[in-house]
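As structure tokens, the structure follows; a few thoughts come after it.
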Amino acid sequence: MARIIENETGSRRLIRMSTEDILSVVKDYQRIVPRFSSYEEARDFLADTVIYIPEEVL
């Protein structure tokens, strides 16, 4: 499970991801991207794609 780490300065938060989380994101990326022939096409498509990472609640 991913864990959000609050930044004490109030800026961006960190997301600590497990190996399984990272592999899941890579798997989703590899499933989506091979359909495109260029970086720009993949980037445009991914900009409209939501990938969820489960968060560990402590």
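The values are calculated or read from the model by the stated rules, or taken from the named source; none is laboratory data. This one's a predicted model, so the numbers in the text were calculated from it and none came from an experiment. Here Cβ is always computed from backbone atoms with ideal geometry, including for glycine, and neighbour counts include all displayed protein chains. Quick note on the areas: whole protein, heavy atoms, side chains included, nothing else; ligands and nucleic acids left out. Shrake-Rupley method; radii C 1.70, N 1.55, O 1.52, S 1.80 Å.
For segment 1-46, GluC sites (Glu not before Pro) meeting the loop criterion (DSSP other than H, G, I, E, B) and having at most 15 other Cβ atoms within 10 Å: 6, 8.
Think of a 1.4 Å ball rolled over the protein heavy atoms: the chain then has 91 Å² of accessible area per residue. The magnitude of the dipole of the chain, with charges of +1 and -1 set on the Cβ of Lys/Arg and Asp/Glu and taken from the Cα centre, is near 120 debye. Rounded to the nearest 10 degrees, the inclination of helix 19-32 to the longest alpha-carbon principal axis of the chain is 20 degrees. Calculated mean residue ellipticity at 222 nm for the chain: -12000 deg cm²/dmol, from DSSP H runs with n ≥ 4 weighted as -39500 (n - 2.57), summed, divided by the residue count and rounded to 500. Model label points for residue 27 and residue 41, set 7 angstrom from Cα along the Cα-to-Cβ axis, are 2.6 nm apart.
Computed as a quarter of the hull surface, the mean projected area of the alpha carbon convex hull for the chain stands at 5.1 nm².
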